[in-house]
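The values are calculated or read from the model by the stated rules, or taken from the named source; none is laboratory data. These figures come from a predicted structure and were not determined experimentally. So basically every Cβ, Gly included, is an ideal-geometry build from the backbone, and we count neighbours across all protein chains shown. We work out accessible area using only protein heavy atoms, side chains counted, and drop any ligands, DNA or RNA first. Shrake-Rupley method; radii C 1.70, N 1.55, O 1.52, S 1.80 Å.
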Amino acid sequence: MKNKISVLIEKAVNSCVQQKLLGAVDLPYIEVEVPANHDHGDYASNVALILAAQAKQNPRKIAQIIQENLADPENIIARTQIAGPGFLNIFIKENIWQQTLQFIEEKKENFGRSFLGNGKKVQVEFVSANPTGPLHIGHARGAVVGDVITNLLTTVGYAVSKEYYINDAGNQMNNLGKSVLLRYRELLGEKIEFPETCYRGDYIKDIAADVIRKEGNVYFTLDEGKTISYFTGIAGQSILEEIKIDLRDFGVTFDEYFSEKELYKNNGVTKLLDKLQKQGFVYINEETQWAGTSGYGDEKDRVVVRKNGEPTYFAADIAYHQNKFSRGYEMIIDIWGADHHGYMPRLWAGIQALGHDKNELKIILVQLVNLLRGGVPVAMSTRSGEFVTLREVLEEVGKDAARYNFLMRRSDSHLDFDLEIAKKQSNENPVYYVQYAHARICSIMRMAQQEHGIVLPVYKDINPALLNEPEEMTLIKLMARYPEVIEGAAKSLEPHRITFYLNELASVFHSYYNKNKVISDNKELTAARLFLIKAISIVLENALKILGVNAPEKM
RNA sequence: GCGCCCAUGGCUCAGCUGGAUAGAGCGCCAGACUACGAAUCUGGAUGUCGCAAGUUCGAAUCUUGCUGGGCGCACCA
């Protein structure tokens with residue numbers, strides 16, 4: 001609808017120019033917005049204000065000229081008005097709004113889908129936590145944001161792949177193996193001092209105990225280096241399996257798990273660095289290889305190969321992103337914890353050196369979560385083993401409440417996550433507000449069918465003109481806007497817009513419900529209203545599905 | 001010291017990329033179930049959009065400076 005209006009205005013402006021009513025102007029694109037105030041119409045455009053500067057005419061005058069030349073071939077406009085400094089306000093006919101209900105019925109679960117992405121291949125990489133311990137609450141937010149961004153992009157027609165990058169080649173992993181070894185020896189009776197760098201969570205002990213159960217004490221005396229790499233392997237694998245299970249129960253799955261080790265096979269990283277060196281991006285200085293990232297806006301150049309000959313994480317990351325592009329993705333989205341923001345210019349420099357445009361890589365920063373219990377902060381530290389795991393959150397507050405809570409704010413703003421509130425089934429917890437609206441609709445429809453023997457109506461059997469209560473018009477307009485909300489959320493990669501939309505839709509519905517009876521003696525009206533609430537339930541389901549949150553029929 | 005992000009009612013946050021009278025939720029006060037689910041609804045109070053300039057028809061939104069907070073600034077990942 002919005003697009004339609006935009007096109008009509010554009011045509012009107014062009015027509016005015018042709019008729020020399022307006023001087024030649026170049027207009028970038030027509031802004032149409034939904035005004036906050038209903039008196040300002042269903043849509044409003046500021047074209048006249050934009051053109052005023054170019055045309056050097058009074059904006060209200062221009063608006064009037066456009067208004068007079070506004071063609072309406074489909075007969076959808078009820079009236080137009082010029083207001084304020086020169087806004088063109090447009091009111092759509094009620095019956096046109098009412099007809100959008102038919103569209104929702106036709107589309108059903110596809111209402112809101114579009115072809116905006118045109119099948120473009122996109123990859124979203126997220127979570128990507130080292131398999132050195134179970135996922136904690138901090139990872140959970142990134143997991144949900146990544147998952148929902150993927151759903152959003154899929155909904156608007158992108159071909160999206162979800163990937164988890166396993167950082168299994170660095171020091172951290174070595175520390176993991178060492179930690180298991182120390183626990184292993186401790187369990188076998190040795191007295192152990194744990195260094196700062198070691199992981200001390202109970203899960204380490206479990207893994208060590210498992211080794212003893214299966215293989216006994218054979219590693220007690222074996223060569224330490226070999227044992228550590230062996231322990232690193234089994235620990236990493238077992239932890240990764242746990243991570244996958246936790247994520248699955250959180251509703252998050254991946255299409256690919258990509259191991260950092262993969263990049264080093266066949267000297268992949270070295271070969272790439274050689275190539276970049278020939279290109280001049282990588283250079284050697286004092287036995288160290290550097291990448292000239294400062295040439296692309298980074299604050300200084302970065303080491304890619306250390307003095308000891310080992311490549312840095314960054315070197316592998318350039319190779320990783322080259323690998324991603326080589327798999328044919330036209331857009332790559334990385335989701336990071338906000339504490340990594342300083343790394344962005346470096347990586348952008350890297351992909352530009354690879355010959356890609358900076359905006360082919362979008363980086364979403366997810367702020368860290370402030371975990372509270374009843375208003376009191378909960379301290380966390382992976383190494384010491386003091387943390388609240390994703391698993392614990394799932395068990396305590398449930399998947400739906402957890403996911404919804406993580407989606408209520410923009411991802412780059414800090415989020416307080418209070419366990420006590422998140423598990424409360426009360427009005428402090430917005431997820432139930434939305435789910436309740438859905439359950440309520442289902443309940444009414446059940447009642448209509450079972451108690452009143454009503455067959456749920458289809459559009460052609462109802463008289464949509466009966467849906468003319470103010471709340472009904474508001475609901476219809478709100479639903480008609482849904483596809484635009486999805487597109488906007490997808491374009492800006494901002495999932496939180498959906499939760500705000502849902503909250504608004506649920507709110508208008510609840511209010512409507514309390515004021516008007518759906519089921520009444522008036523059969524025609526009952527049918528129309530049943531159809532209306534059915535449409536609402538479709539929109540609620542579609543939106544909740546994108547969020548990965550259930551739309552329960554009963555609660 | 002340098003860089004990035006943030007600052008909006010008592011609290012937690014939106015604000016559609018520059019629009020018209022700045023909005024929600026929570027909390028607080030007062031009300032609504034012999035009618036489809038009260039996990040709901042109705043009404044009420046609360047603002048120098050951190051401060052100061054600038055850009056223009058128009059600024060919470062863009063620019064600059066300042067104040068206050070978070071985070072980065074590795075041959076860690």
(request) Report the FRET efficiency, 1/(1 + (r/R0)^6), for A:Ser326 and A:Val7, where r is their Cβ-Cβ distance and R0 is 35 Å, rounded to 0.05. (result) 0.30
(message) If packing is taken as the average number of other Cβ atoms within 10 Å across a peptide's residues, how do A:424-435, A:390-401, A:510-521 rank, most packed first?
(response) A:390-401, A:424-435, A:510-521
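For segment A:1-64, run through the trypsin sites (Lys or Arg not before Pro) and keep only the ones in DSSP coil with at most 12 other Cβ atoms within 10 Å of their Cβ.
Qualifying residues, ordered by number: A:Lys20, A:Lys56.
By the gyration tensor of its Cα atoms, with a ≥ b ≥ c the square roots of the eigenvalues, what is the shape of segment A:407-505: rounded for a/c under 1.5, prolate for a/b over b/c, or oblate?
Details: a/c = 3.06, a/b = 1.53, b/c = 2.01.
Since a/c reaches 1.5 but b/c is at least a/b, the shape of segment A:407-505 is classed as oblate.
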(request) Determine the sum of side-chain charges near A:Ala12: Lys and Arg each +1, Asp and Glu each -1, restricted to other residues whose C-beta is under 12 angstrom from that of A:Ala12. (result) -2
(message) Probe radius 1.4 Å, ligands and nucleic acids ignored: give me the carbon and sulfur share of the accessible area of segment A:171-228 as a rounded percent.
(response) 46
(request) With 5 Å bins from zero, work out the P(r) of segment A:1-91 over every alpha carbon pair and list the percent per bin. (result) 3, 15, 28, 29, 17, 7, 1
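In square nanometres, what is one fourth of the surface area of the convex hull spanned by the alpha carbons of chain A? The partial results should precede the final answer.
Details: hull surface 134.2 nm².
Computed as one quarter of the Cα hull surface, the answer is 33.6 nm².
Using the heavy atoms of the protein chains alone and a 1.4 angstrom probe, what is the accessible area of chain A per residue in square angstrom? Walk me through the numbers on the way to the answer.
Working: 26550 Å² over 555 residues.
For chain A, the per-residue accessible area is 48 Å².
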(message) Could you derive backbone 3J(HN,Hα) for segment A:451-461 from the dihedral phi with the Karplus parameters 6.51, -1.76 and 1.60 (θ = phi - 60°), listing whole Hz in sequence and x where the residue is Gly or Pro?
(response) 8, 10, x, 8, 8, 4, x, 9, 4, 5, 8
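Just to be sure I understand: if I project the alpha-carbon convex hull of segment A:485-555 onto a plane and average over all orientations, what area do I get in nm²? Please list the in-between numbers first.
On the way: hull surface 21.9 nm².
Reported value for the Cα convex hull: 5.5 nm².
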(message) Let me make sure I get this right: for segment A:245-344, a, b and c are the square roots of the gyration tensor eigenvalues over alpha carbons, sorted descending. Under 1.5 in a/c it's rounded, otherwise prolate if a/b > b/c, else oblate. Which is it?
(response) prolate
(message) I need the fraction of alpha carbon pairs in segment A:101-256 separated by more than 29 Å, rounded to a whole percent.
(response) 37
(message) Going by amide H atoms built from the backbone, whose H comes under 5 Å of the H on A:Asp301, apart from near neighbours?
(response) A:Ser294
(request) Could you work out the Kirkwood radius for segment A:171-228, taking every pair of different alpha carbons, averaging 1/r and inverting it, reported in Å? (result) 11.4
(request) For segment A:490-495, just list the computed ³J(HN,Hα) in residue order, Karplus coefficients 6.51, -1.76 and 1.60, θ = phi - 60°, integers in Hz, with x standing in for Gly and Pro. (result) 5, 4, 8, 6, 10, x
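Given the peptides A:78-85, A:138-145, A:540-547, A:246-253, arrange them by the average over their residues of other C-beta atoms within 10 Å, most packed first.
Details: A:78-85: 15.2, A:138-145: 25.4, A:540-547: 21.8, A:246-253: 18.1.
Ranking the peptides A:78-85, A:138-145, A:540-547, A:246-253 by packing returns A:138-145, A:540-547, A:246-253, A:78-85.
Using a ≥ b ≥ c from the Cα gyration tensor of segment A:270-427 (square roots of the eigenvalues), is it rounded, prolate or oblate, where a/c under 1.5 gives rounded and otherwise the larger of a/b and b/c decides, a/b for prolate? Intermediate results must be reported in sequence, preceding the final value.
Details: a/c = 3.04, a/b = 2.24, b/c = 1.36.
It is prolate, given that a/c is not under 1.5 and a/b is the larger ratio.
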(message) Using 22 Å as the Cα-Cα cut-off, could you pick out the over-long pairs in A:Lys107/A:Lys554; A:Lys162/A:Lys205; A:Lys2/A:Lys517; A:Lys178/A:Lys214?
(response) A:Lys107/A:Lys554; A:Lys162/A:Lys205; A:Lys2/A:Lys517
(request) With everything on Cα atoms, drop me the angle between helix A:523-547 and the longest principal axis of chain A, reported from 0 to 90° to the nearest 10. (result) 30
(message) Give the residue list of GluC sites (Glu not before Pro) in segment A:36-98 that are DSSP loop and have at most 15 other beta-carbon atoms within 10 angstrom.
(response) A:Glu74
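Here are some pairs, A:Lys120/A:Lys278; A:Lys271/A:Lys300; A:Lys4/A:Lys120; which of them have Cα atoms lying more than 30 Å apart in this structure? Don't skip to the end; give the middle numbers.
On the way: A:Lys120/A:Lys278 32 Å; A:Lys271/A:Lys300 24 Å; A:Lys4/A:Lys120 25 Å.
From the list (A:Lys120/A:Lys278; A:Lys271/A:Lys300; A:Lys4/A:Lys120), the Cα-Cα distance tops 30 Å for A:Lys120/A:Lys278.
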(request) Rank-order A:523-535, A:31-43 by packing density, defined as the average count of other C-beta atoms within 10 Å over each peptide's residues, highest first. (result) A:523-535, A:31-43
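When only the heavy atoms of the protein chains count and the probe is 1.4 Å, how do A:Lys265, A:Lys423 rank by accessible area, highest first? The partial results should precede the final answer.
On the way: A:Lys265 115, A:Lys423 80 Å².
The ordering from most to least exposed comes out as A:Lys265, A:Lys423.
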(request) Would you pull out the residues with amide H under 5 Å of A:Ile166's amide H, same chain only if 5 or more places away, H placed 1.01 Å from N? (result) A:Phe258, A:Ser259, A:Glu260
(message) Could you derive backbone 3J(HN,Hα) for segment A:133-138 from the dihedral phi with the Karplus parameters 6.51, -1.76 and 1.60 (θ = phi - 60°), listing whole Hz in sequence and x where the residue is Gly or Pro?
(response) x, x, 5, 10, 4, x
